[in-house]
Amino acid sequence: RKEVEQDPGPFNVPEGATVAFNCTYSNSASQSFFWYRQDCRKEPKLLMSVYSSGNEDGRFTAQLNRASQYISLLIRDSKLSDSATYLCVVNSFQKLVFGTGTRLLVSP
Amino acid sequence: DTAVSQTPKYLVTQMGNDKSIKCEQNLGHDTMYWYKQDSKKFLKIMFSYNNKELIINETVPNRFSPKSPDKAHLNLHINSLELGDSAVYFCASSQESGVLTDTQYFGPGTRLTVL
């Protein structure tokens with residue numbers, strides 16, 4: 001079983017749609033969780049950290065369920081510029097472990 | 001004023017050759033990393049250095065040798081390149097190691113193609 005698992009997608013949505021990505025992780029001792037965004041042929045960039053209580057940053061909401069070892073990212077009112085790959089990232093044994101990413105395509 | 005820079009951006013070479021990739025960060029961070037992203041887009045840590053000292057080595061073949069002349073630089077030397085080494089290599093840095101709430105800042109990547 002992979003340490004961090006994500007649905008690879010792609011998710012094809014129209015502008016304005018709400019879309020949710022899920023991620024599961026295997027190391028129950030993990031303490032830090034993140035979502036990174038990677039555009040095509042570019043480097044990953046931090047989108048947001050994920051806190052136990054859940055957190056929101058504009059149109060983006062991240063949630064953590066420690067009991068189920070599950071992380072989610074909700075994007076509301078999708079923009080064309082949201083098209084990218086979203087990487088779920090978990091700290092495991094003092095290093096960051098990246099999921100393979102979920103690809104999002106937002107169309108006009 | 002790029003925060004994390006890598007050279008070269010593209011590297012095409014023959015099997016068996018030796019090559020180096022350079023990385024520099026101007027963020028004043030203590031910790032630097034090398035990651036490999038393969039053709040399936042799986043991004044995996046290779047090495048981590050904190051203040052020039054190796055702290056993570058993820059079962060990478062010893063053909064790969066990182067070198068950190070100072071805390072702002074972490075170079076990657078690869079001996080006897082193999083076809084399977086073809087990938088995008090990302091350098092990254094963060095303020096501290098072990099504090100994994102710190103954001104990691106990635107360089108633009110080096111696309112290595114081994115023929």
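The values are calculated or read from the model by the stated rules, or taken from the named source; none is laboratory data. Just so it is clear, the model here is predicted, and its values are computed rather than measured. Neighbour counts are summed over all protein chains in view; Cβ atoms, including those assigned to glycine, are modelled from backbone coordinates with ideal geometry. All accessible areas refer to the heavy atoms of the entire protein, side chains included, with ligands and DNA or RNA removed. Shrake-Rupley method; radii C 1.70, N 1.55, O 1.52, S 1.80 Å.
With respect to the numbered conditions (1) more than 9 Å from chain B (Cβ to nearest Cβ); (2) of a type in the set (Gly, Ala, Ser); (3) open to solvent by less than 40 Å² (accessible area, probe 1.4 Å), which one is the sole condition not fulfilled by residue A:29? Every listed condition holds for residue A:29 apart from (3). Could you check how many residues of the range A:32-61 are surrounded by 13 or more Cβ atoms within 10 Å (Cβ to Cβ), of a type outside the set (Lys, Arg) and within 14 Å of another protein chain (Cβ to nearest Cβ)? Residues meeting the conditions: 15. Residues that are under 16 Å from residue A:90 (Cβ atoms) and either of a type in the set (D, E, K, R) or open to solvent by 30 Å² or more (accessible area, probe 1.4 Å) (or both) within the range A:62-74 comprise A:63, A:65, A:66, A:67, A:68, A:69, A:70, listed in sequence order. Out of the strands (runs of 3 or more DSSP E) lying entirely within the range B:1-79, which hold 3 or more residues that are of a type in the set (A, V, I, L, M) and within 14 Å of another protein chain (Cβ to nearest Cβ)? Correct list: B:43-50, B:53-57. Of the residues making up the range B:19-65, those that are open to solvent by 80 Å² or more (accessible area, probe 1.4 Å) and either touching a residue at least 24 places away in the same chain (Cβ under 8 Å) or of a type in the set (Asp, Glu) (or both) are B:22, B:24, B:26, B:39, B:53, B:55.
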